[in-house]
Amino acid sequence: MKHERRILLFIINSFIYTIVTSNVKIPFFGLFLVRSYTSVYSYMIYNISVTDPESHFLFITYTIPNVDSEFIEIQLPAWRPGRYEIQNFAKNIQFIEAISRSGDKLSLDKITKDRWRIETKGESEVQVRYSYYAAIQNAGSSYVDNELWYLNFINFCMYTEGRISEPCTVKLNLPNGFDVACGLPVFWDVVDNIPTAYANTLAASDFYQLVDSPLLASATLQKCEYIVDEIPFIIWMHGNLKPNWERIKRDFTRFSREQIATMKEFPEDRYHFLNLILPTAFYHGVEHRNSTMIVLGPDDEGEGLYFDLLGVSSHELFHAWNIIRIRPKELLPYDFTKENYFRTCFVVEGCTTYYGDLFLKRAGVFNLESYVKELQVYMKRHFENSANSSQSLADSSFDLWLDGYEKGIPNRKVSVYHKGALVALILDLYLRKKSSHQNSLDDVMRLLWLRFGKPFIGYAIEDYIYIVEEVAGESLEWYWNDCIFTSEPLETRLNEALAFVGLQMTTFSNGNIQLNVLDDFRAQIQREKWLETVQEIAEEDDDDEGKE
């Protein structure tokens, strides 16, 4: 029997490979096969229901199989990847209980704010039932009502201590007519020797994949798909808008192609842009393993909304390399119970912020005026708000867990996004000037990918310094001192870098900042080299962009 099942599993895997490589559309755009030999393979099950959508409560039954100890401990994450602050999701749990497979109640004691101990009484399977309040719409929250399920599993899914690496399935008791947008694949199994796909059931190889895969489900989802280097990219929209899909596909294809051409390969075999468009003003995006969750508004903003969509989408896509795979060693693996302190968020978010808009310019989505305008935004936010702050960039990275996402007291911290982007710009232009554009920050990011991201091993701040100086061919003590590890004013270093490409930042007497393009022909040549595409685009490819 096991031999026959293995043959069936091989057939299904071949079928899956054929479907994926031939670009045939399948439910949820993915498949997952669980080899369900009960004695060897097991998986955690999360059954999710919404009995009263207007109440915004999720009802979760978490089934833990193969229990073999007198006590087990279950943990709800205290924070989520992409936002480095303790968020205490347990405050949204209304009730919780533990029962046996036969329905008998088991003793459940809360031992920390988000951790519980269950006395198993010899039961081999334990179910934890609880309700979770899902009523917030931002890019890291969960929300349910009559027409939308928006789920971030990190908010409400628990794991069992010592078993975080076991496979998981999610059963969604969705209303009829709901479509699902999610990076997780469909759950498949062999039932009575027949390959079977389970409707509204998703699978994850472990808890880490589960909680890095947000989900939108609704009867009114809109979507389009484009392909770059045989990789499907799916754009999902929910909200009161009529997307210009032809324009979206053209521009998204361009910046996706530019990013892949720069990094030489893409980490995933498909990618999802999940967009929730609100009637109120909003701007938030969060990176995930093979997707991003983006919340924008207002839905009637027109061109402003579209530029926001481009900017945040390009930024989040680059995170598919930079943090999802090129990850600081302090975050590998994630410890969801406490702060994971690290000093390299200027690489994680600063370099990504710099590249997000740079890719749009290189790809021809932004013109020079639009790109300069975005650079000016970083400069204004840093120099008009925190130019005299006492913390270094590395120290502000470390203190993200303290107050990184709030205004904070005057003149203390700097933004890892804005100052981080400016020091990335300084480094990129220095490397380009020194080597006549033969070396750049692109080389640094590619080496980080090859040495740390692709093998998926964490890097230390010393590793980043080593690679940067390897590309530079010299010690860059001035850069680490003036830009990263002290609070030295940045204006002089920044204008030295900008002069190479014919730009100049001016600070007026009232503290306001303006970025100017200089009338300098030689510098213009350097600027064009800095901003030129790395793609080799065939004319016919460009003509076909955006076609349905």
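Among 472-480, 527-535, 141-149, sorting by the average number of other beta carbon atoms lying within 10 angstrom of each residue, highest first, gives 141-149, 527-535, 472-480. Calculated over segment 105-217, the projected area of the Cα convex hull averaged across directions stands at 9.3 nm². Here is what passes the span test in the chain: the DSSP H helices with alpha carbon length of 18 Å or more along the helix axis and a Kyte-Doolittle mean of -1.0 or above are 2-21, 303-318, 368-383, 418-435.
Roughly what % of Cα-Cα distances in the chain sit above 48 Å, to the whole percent? Distances greater than 48 Å cover 13 percent of the Cα pairs. Taking 7 Å steps out from each Cα toward its Cβ at R451 and A219 produces label points 5.5 nm apart. Sorted into 10 angstrom bins from 0, the C-alpha pair distances of segment 332-538 split as 8, 34, 37, 18, 3, 0 percent.
Evaluating kT/(6 pi eta Rh) at 10 °C and 1.306 mPa s, with the Kirkwood radius of segment 233-390 over Cα pairs in the Stokes-Einstein relation, gives 95 µm² s⁻¹.
All other residues with a Cβ under 15 Å from the Cβ of N146 taken together, and with Lys, Arg as +1 and Asp, Glu as -1, what is their net charge? Result for the local shell: -4. Computed over every Cα-Cα pair of segment 372-494 and binned at 5 Å starting from 0, the pair-distance distribution P(r) comes out as 2, 10, 19, 21, 19, 16, 9, 3, 0 percent.
For segment 422-548, the Cα-based Rg and Dmax, in that order, read 17.9, 53 Å. Using only Cα coordinates, the Kirkwood hydrodynamic radius of segment 66-149 works out to 14.6 Å.
Arranged from fewest to most other beta-carbon atoms within 10 Å of their beta carbon, L278, L216 become L278, L216.
Given all pairs of different Cα atoms, what value in angstroms does the Kirkwood hydrodynamic radius of segment 222-320 take? With all distinct Cα pairs of segment 222-320 included, I get 13.5 Å.
Net charge near G453, counting Lys/Arg +1 and Asp/Glu -1 over other residues with Cβ under 15 Å of its Cβ? Its environment carries a net charge of +2.
Using a 7 Å offset from the Cα along the Cα-to-Cβ direction at both D68 and K329, what is the distance between the two label points in nm, to one decimal? It is 3.4 nm.
Values quoted throughout were computed directly from the atomic coordinates according to the rules given, and no laboratory measurement underlies them. Small disclaimer: the values here were computed from a predicted structure and weren't measured. Note that each Cβ is placed from the backbone with ideal geometry, even for glycine, and that neighbours are counted across all protein chains shown.
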